[in-house]
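Each remark here refers to the structure printed beneath this line.
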């Protein structure tokens, strides 16, 4: 059983997201996601295969950028943007990941279309310090 620290878990999440969503390296991603991976997202089929199949179906232009990442114990929360997803707006996501044996073992997310400056009632961007172009 591999026990990782919160700092290691944050680094692994960033590596995993870059490997899968940006590089589309499914062989390397298999080393980062548990083969017993539990997927709680309503829009993704069960398990690691469900996630990988979703990414395969998305446009090659898909990119993940991270804005904020926090960890406590075996849990990591990553606030990021998924752009180039083939939709009119990027997705802003809060991804919650649980670790087990040094791998991503369980996942929940909250997704929202990124608001433009015109759409933002608060007048503030949802990601970073500026609105999408």
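Do the conditions hold for residue 73, that is, is it at positive phi and surrounded by fewer than 18 Cβ atoms within 10 Å (Cβ to Cβ)? Yes: the conditions hold for residue 73.
Of everything listed in (1) surrounded by 14 or more Cβ atoms within 10 Å (Cβ to Cβ); (2) over 15 Å from the mean Cα position of the chain (by Cα); (3) farther than 30 Å from residue 129 by Cβ, the single unmet condition for residue 89 is (3). Of all residues in the range 105-133, those satisfying the criterion of being within 14 Å of residue 92 (Cβ to Cβ) and either touching a helix residue (DSSP H, G or I) at 6+ places or on another chain (Cβ under 7 Å) or outside any loop (DSSP other than H, G, I, E, B) (or both) are 109, 110, 111, 112, 113. Of all residues in the range 120-133, those that are exposed (fewer than 10 other Cβ atoms within 10 Å of the Cβ) have Cβ atoms under 8 Å from Cβ atoms of residues that are part of a loop (DSSP other than H, G, I, E, B), 6 or more apart or on another chain, in 123/117. Screening 29, 11 for residues that are under 25 Å from residue 128 (Cα atoms) and not in a strand (DSSP E or B) leaves exactly one candidate, 11. Number of residues in the range 67-86 that are within 21 Å of residue 132 (Cα to Cα) and not in a strand (DSSP E or B) equals 3. Among the residues of the range 87-99, those that are outside any strand (DSSP E or B) and either farther than 22 Å from residue 125 by Cβ or modelled with pLDDT of 95 or more (or both) comprise 89, 90. Scanning the range 6-45 for residues that are at pLDDT below 95 and exposed (fewer than 12 other Cβ atoms within 10 Å of the Cβ) gives 42, 43. Residue 35 satisfies every condition listed in (1) in a strand (DSSP E or B); (2) closer than 23 Å to residue 130 by Cα except (2).
For (1) touching a strand residue (DSSP E or B) at 6+ places or on another chain (Cβ under 7 Å); (2) closer than 19 Å to residue 127 by Cα, each residue gets a yes or a no:
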site	(1), (2)
9	yes, no
39	yes, no
69	yes, yes
73	no, no
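The values are calculated or read from the model by the stated rules, or taken from the named source; none is laboratory data. Remember, predicted model here, so these are calculated numbers, not experimental data. Positions of Cβ are backbone-derived with ideal geometry, glycine not excepted, and every protein chain shown enters the neighbour counts.
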